[in-house]
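Have a look at the structure below before the remarks.
The values are calculated or read from the model by the stated rules, or taken from the named source; none is laboratory data. Please read these numbers as outputs of a predicted model, since none were measured by experiment. Methodologically, a virtual Cβ is constructed for each residue, glycine included, from the backbone with ideal geometry; neighbour enumeration extends over all protein chains shown. The protein model used for the area step is the full one, side chains on, heavy atoms only, and it has no ligands, DNA or RNA in it. Shrake-Rupley method; radii C 1.70, N 1.55, O 1.52, S 1.80 Å.
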Amino acid sequence: MSEQSAPLKLAVVGHTNVGKTSLLRTLTRDVGFGAISHRPSTTQHVEGARLSVDGEALIELYDTPGFEDAVALYEYIEQLPKTAERLDGPELLQRFLNSSEARQRFEQEAKVLRQLLQSDAGFYVIDAREPVLAKYRDELAILTMCGKPLLPVLNFVNSTEQREPAWREVLARLGLHALVRFDTIAPPQDGEQRLYENLSLVLDSQRPRLQRLIEHNQTQVLVRRKAAYRLIAELLVDVSACRRSVHPDQLEEAIQNLHRDVRQREQTCVEALLKLYAFRKDDAQASALPLEEGRWGDDLFNPATMKQLGIKVGGGMAAGAATGVGIDLLTGGLSLGMATVVGAAVGGLTQTFRNYGERLKGKWRGERELTVNDSTLRLLAIRQQRLLNALEQRGHAAQARIQMDTPLEQQWREGELAQPLKTARAYPAWSSLNAKKPQQDLQRTEEIERLADSLAKQQLIAEQS
Ligand SMILES: Nc1nc2c(ncn2[C@@H]2O[C@H](COP(=O)(O)OP(=O)(O)OP(=O)(O)O)[C@@H](O)[C@H]2O)c(=O)[nH]1
Ligand SMILES: [Mg+2]
């Protein structure tokens, strides 16, 4: 067994309000980390967070207060009385830190410098929209005096006002040639990986450790994505299999109940997805998602919602109060709809269906049968995939809404529904909307897996085209 070494200490430093705390949230996937606001001087103290793999702490990240008055601090350091011997950067900073000014006027800056001096390296976060003002040059000059490797992180690079070339030039003049572009609101897919790769350029001895973290993160991405598709597939199978018999007198109420239960079922999926991606539904960051207070704003059964997403409201089906629901007449325990799906999708009676058919026969003759129609499945599928996309593509610091419209959605809008959904139509016992405990048989699990896989594959193809 290899001996565990102390975690790598990284300080996140920079001017106030440039997104240091946001970067920490993104890297730790901890939406609760620190406080973020559009006002400067939000972070007042150094705060640490650990990144662990298999229980071993690999990295300690330290958030620090922002630099506010670098020009004055630089002047102060420069006018410190000369000593007999010439002092190097860290020695000079130590003299400053021992002075009373480090406890008064420059208290915030002193906290930052102490932390960087104690760390192995630092991320220097930059608001790339800002011109390279004297205060930033002085800030950089002071920070480089710590003698620690600094990796500049260009934030806000997605802004039209960004001034990346000017920043690159000034950084190069200070000997800072490695740099990463990392918009914490919309980080590139491989943003984290590039961040750690670039860090290993300036911290060569830490390469194996950083590589381990990169690999761990990549695995986590895949594990999470797989779990997400399974959640969506389970929702769709659940809803597709839903089948309720009602007396004609209670039709209206039954439709209402069905609407309510399907809405609730969708919400359960939304919440599971948010949890999987460590978003909190009441969190400010969740405003970057296409949700309102953690739920879809547009009602699932409002025809306008379907229209908005370009889904045709099921032909021939009752509109209005019964939007999104199929109503069928039950004769001899078998509705026409059921007979059709059994014939078309399953190609034979199964044990499950036989039980179901027997149960209905005679007892509920002449009753109506409610199902959730295809347009609702389409809508559910599109919405959940939109949410997943938003969850995957955005950092935890995201604070703006997104929009998208993909060929994949087009397929869900108009294409044929996936086979597992057709199959599920014939297995009412699979649905948690029919019974508290859906039948957890092997076939159900297999169909859910199959659907999850095809969702993942479609997504992959859509990304590549
Ligand atoms: N558009 C955009 N906004 C960002 C980005 N990063 C941070 N922000 C916003 O910038 C503001 C400041 O972010 P913080 O993370 O609090 O910045 P900070 O550097 O920790 O600030 P202090 O603690 O006050 O020094 C917040 O309103 C963030 O939502 C980014 O990459 N793009
Ligand atoms: Mg902060």
*Which condition breaks for F33 when tested against (1) open to solvent by less than 20 Å² (accessible area, probe 1.4 Å); (2) without any contact (Cβ under 8 Å) to a residue 40 or more places away in the chain; (3) away from ligand 2 (no atom under 16 Å from the Cβ); (4) closer than 30 Å to A278 by Cβ?*
(3)
*asked:* Among the residues that make up region 441-450, is at least one of them at pLDDT below 90, more than 28 Å from the chain's Cα centre (by Cα) and not basic (K, R)?
replied: yes
*Residues of region 60-100 satisfying the condition of being in contact with a Pro (Cβ under 8 Å, 6 or more places away or on another chain) and open to solvent by less than 70 Å² (accessible area, probe 1.4 Å)*: E60, G66
*From the set of residues in region 22-51 that are under 21 Å from F67 (Cα atoms) and aliphatic (A, V, I, L, M), which is modelled with the lowest pLDDT?*
I36
*Could you tell me whether region 81-100 includes any residue that is in contact (Cβ under 8 Å) with a residue 40 or more places away in the chain and within 15 Å of ligand 1 (Cβ to nearest atom)?*
no
_I'd like to verify a number: residues in region 314-343 that are closer than 22 Å to T423 by Cα and either of a type in the set (A, V, I, L, M, F, W, C) or modelled with pLDDT of 70 or more (or both), how many?_
14
_Among the residues that make up region 171-194, is at least one of them outside the structural domain of L24 (by TED's automatic domain parsing) and of a type in the set (S, T, Y)?_
no
*Got at least one residue in region 181-199 being under 24 Å from the mean Cα position of the chain (by Cα) and β-branched (V, I, T)?*
yes
_Take R39 and tell me if it is more than 14 Å from ligand 2 (Cβ to nearest atom), assigned by TED's automatic domain parsing to the domain that holds L150 and open to solvent by 60 Å² or more (accessible area, probe 1.4 Å)._
no
*asked:* Can you report the number of residues in region 11-30 which are buried (at least 20 other Cβ atoms within 10 Å of the Cβ) and more than 24 Å from the chain's Cα centre (by Cα)?
replied: 4
*Report the residue count in region 43-87 for those that are more than 16 Å from ligand 2 (Cβ to nearest atom) and of a type in the set (F, W, Y).*
2
*Find the helices (runs of 4 or more DSSP H) located wholly in region 158-274 whose residues include 1 or more that are open to solvent by less than 20 Å² (accessible area, probe 1.4 Å) and within 26 Å of L460 (Cβ to Cβ), and list them.*
191-202, 207-240
*asked:* So, in region 50-59, exactly how many residues are among the small types (G, A, S) and either open to solvent by 40 Å² or more (accessible area, probe 1.4 Å) or within 11 Å of T21 (Cα to Cα) (or both)?
replied: 2
*Return the total of residues in region 104-141 being more than 22 Å from N17 (Cβ to Cβ) and at pLDDT below 95.*
1
